[in-house]
Structures are given as structure tokens and as C-alpha cells.
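Every read-out reported here was derived from the displayed coordinates using simple, explicitly stated rules and does not represent laboratory data. These numbers were taken from a predicted model, which means no experiment stands behind them. Note that each Cβ is placed from the backbone with ideal geometry, even for glycine, and that neighbours are counted across all protein chains shown.
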Amino acid sequence: MSDTESLVVVTGLAKSFSRLGGEPFFAVNGVSFDIRKGEIFSLLGPNGAGKTTTISMISGLLTPTRGDATIGGHSITKQPMEAKRLLGTVPQEIALYPQLSARQNLEFFGRMYALNGVVLRKRVDEILDFTGLTDRQKDKVETFSGGMKRRVNIGVGLLNRPQLLYMDEPTVGIDPQNRRRVLDTVLRLRDEGGTTVLYTSHLMEEVQEISDRVAIVDHGQIIAIGTVGELIQKIGEEDRLLFNIGAQTVPDGLLDRLKVEVEGVTQAETSTRERTGEGAVNATEGLITVYALRGRKALPQIVQIADSAGLDMLSVEVREPDLEAVFLQMTGRELRD
């Protein structure tokens, strides 16, 4: 792919931090990718994987230890001001003045982009309409719900009509209804305005829904990149069946029986996980994870064999191939760890 087809090109980007009395720690280590014009490109990974550090370097908030990135052909290390002019930001933390109204916040930040007069008023009107906040424009932000504050935050990032909008975990801490509105807004930015969006999240479901392409990040490195379909193809078409067995002991030979006797089963293994129950008390439950082609078809026979071996399956989850399964296979751990 040529650089002319890409709005962002990241090459060997790395960032290290000093440890007291030890070797430098690389939060990001040799990341390379490109973002095509008009696409939603997501960085998916657990908290601490290096997503925010990567975006902070691309946006000029952190200086790379090595490597570079360009936005619209402008280097973030050699031409930072030119690169930043093409960028709008929606940080994870709400960056608004609570005592000001939605309109006043947008007008304040608009002046920081050198907008004023009729141009500023028109742009603020457009943002309020786009985010569905026209009716609440005169209300103080401190009276808004978390979701409404997020929408004002997005509006601030759009004031300068950026070619690239970066959004860092924009649905954290909001209710499902406002989360839906935020995701719909992201899709409208791409579909109606042709805006290129760089999106970070640790929530597999929303990344899988909105992204044109995804880069899976772990321990400061990209371990896979592609469309959702391409990434899922890397692990095949196996379903995961998660059986909760509580504190029971798995009978000897049961896992081998499942692999031999049940058509389509390729793997069976045991593990444990923490489950928060009533009163926020953490409890450990035992799991049997079975990988199977056409898992729903295999399910009745698996339960029958377990029952004949004296094991009571307390509950079951059937998970079709998804991005979390890709992450699990590539790293050996859950995406939400």
C-alpha cells in the first residue's frame, strides 16, 4: 500500500520509561501500521497493553523513544504542528468545564482553534445538532449524565473538522443507551463525513461491530492486524463451550473421552476464573473449555458424557469465533485479564 492511500503511517514506534534502579521499561516496542483514509481503525487490547501510549505519541503528547509516524505526510517528530492541525482528540477522561454550558464549552475550545464570530457560532450549532444536544445547549455540563458529557467531549474533538479523530476508550463508564449513541456517532463520522477514526478499546464487542480493521495489541506490540473476518480466520471456525463446574473435581479421563467420542471436538481443558457474585464477593469457579466445530451440535453429547462420569455441569456458555478468541489463542489468556 502506498502512503498516498494512507492518512497515517506508523513506523517502528517505541516508548520507554525509566525504572528506579533498573532497566528501561518499553510500554510500546516497535509498533508499525497504517490507517487508510475514511476508515475506522481500532487498537484492541487489555488495559496496560500500550494503546494509550501509542496514541499519545501519534498525537504529539509523548515524544517517541524511537520510530516515527506521519499524519497526512507530516512527521510527528519533525513537523509536529502541521501534523496536529489534521488531528482531533477525544481523550478517555472528560476534559470539559463543568460550570459552563455545553455551548460555552464548545465556544471556548473553538476559540483555541482560532475560530470566532459567525464561523464559530455556525460550527458550534453544527456540533450541537450532530451530537443531539441542541435542546440542552444552555445547560451546565455538571448537570449532564456521563453519556451526555461524552458527547460534548466528542464535539470538542470535531470543532476543527479533523481529518483524523482519535478516540480513547470513549464508552468507559456510561450506560448502555448512551454507549449505543456514542457508537452510532462514530459510524456516522465515517459514513457521512468521511472522517478517519483511530479508536482504542478493551471491549471486544464494540470493536468487532464498528471497525474496518483492527490491530490487536499486547505488551506494547501488535500481535495481529486485519479485518475482523481476517483475524477470525486465523483461528478457524471452532466454537468455545465454557462449562461451569464450580468446586467439583474433573473425573479422570473425562477430557480425553470428550476428544475421542464427540464428533468435532478438537481440544478440552480445565481452568478457573473469578466470578463476582451477590454482595460483590469474589468466588472462584472451575471451568472446562471445549473447542469444537459446530459446538451447539456437540453440546448434548458432551453433557451426557459428563453426566455419565458423575460430573454436574452447572452452566454453559457457547461462544462463536470472535476477536476475544483470537486474542486468547495468540496470548494464552483472556482479553479482559
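Output the pairs from Lys51/Lys138; Lys51/Lys78; Lys37/Lys234; Lys149/Lys234; Lys15/Lys122 with a Cα-Cα distance over 30 Å in this structure; if there are none, say none.
Values: Lys51/Lys138 35 Å; Lys51/Lys78 23 Å; Lys37/Lys234 26 Å; Lys149/Lys234 39 Å; Lys15/Lys122 40 Å.
Among Lys51/Lys138; Lys51/Lys78; Lys37/Lys234; Lys149/Lys234; Lys15/Lys122, the Cα-Cα distance tops 30 Å for Lys51/Lys138; Lys149/Lys234; Lys15/Lys122.
Annotation: the stretch 144-216 has a Kirkwood hydrodynamic radius of 12.6 angstrom, from the mean reciprocal C-alpha pair distance. Net charge in the neighbourhood of Met313 (other residues with Cβ under 14 Å of its Cβ; Lys, Arg +1, Asp, Glu -1) is -4. For the chain, the percent of C-alpha pairs falling in each 20 Å distance bin, counted from 0 to the bin holding the largest distance, reads 27, 48, 23, 3. Comparing Val124, Gly194, Ile154 along the charge dipole axis of the stretch 3-230, the residue lying farthest to the positive side is Val124, per the Cβ-charge model.
What dipole magnitude, in Debye to the nearest 20, does the stretch 3-230 give about its Cα centre under +1 on Lys/Arg Cβ and -1 on Asp/Glu Cβ?
Numbers: 27 positive and 27 negative charges, 162 e Å.
The dipole magnitude comes to about 780 debye.
Over the chain, what is the percentage of antiparallel beta bridges among all DSSP beta bridges, to the nearest 5? Roughly 70 percent of the DSSP beta bridges within the chain come out antiparallel.
Taking the Cα centre of the stretch 1-135 as the origin, how large is its charge dipole in debye, to the nearest 20, when only Lys and Arg (+1) and Asp and Glu (-1) carry charge on their Cβ atoms?
The dipole of the stretch 1-135 has a size of about 320 debye.
In summary, the aspartates and glutamates within cross-link reach of Lys140, defined as a Cα separation below 16 angstrom excluding same-chain residues under 8 places away, comprise Glu107.
Each of Thr65, Leu323, Leu255 was placed along the dipole of the chain (beta-carbon charges, centred on the mean Cα), and the one lying farthest toward the positive end is Thr65.
Evaluate the charge dipole of the stretch 115-257 about its Cα centre and quote only its size in Debye, nearest 20, assuming +1 on the Cβ of each Lys and Arg and -1 on the Cβ of each Asp and Glu. Write out the running numbers ahead of the final one.
Details: 19 positive and 23 negative charges, 186 e Å.
So the dipole magnitude of the stretch 115-257 works out to roughly 900 debye.
Given the stretch 44-165, what whole percent of its Cα pairs are spread farther than 16 Å?
That tail contains 64 percent of the Cα-Cα pairs.
Relative to the longest principal axis of the chain, what angle (0 to 90°, nearest 10) does the C-alpha long axis of helix 295-308 take? The answer is roughly 40 degrees.
Cβ under 10 Å from Gln301's Cβ, Gln301 left aside: what net charge do those residues give with Lys, Arg +1 and Asp, Glu -1?
On the way: positive: Lys297; negative: Glu261, Glu263.
Within the 10 Å Cβ shell, the charges total -1.
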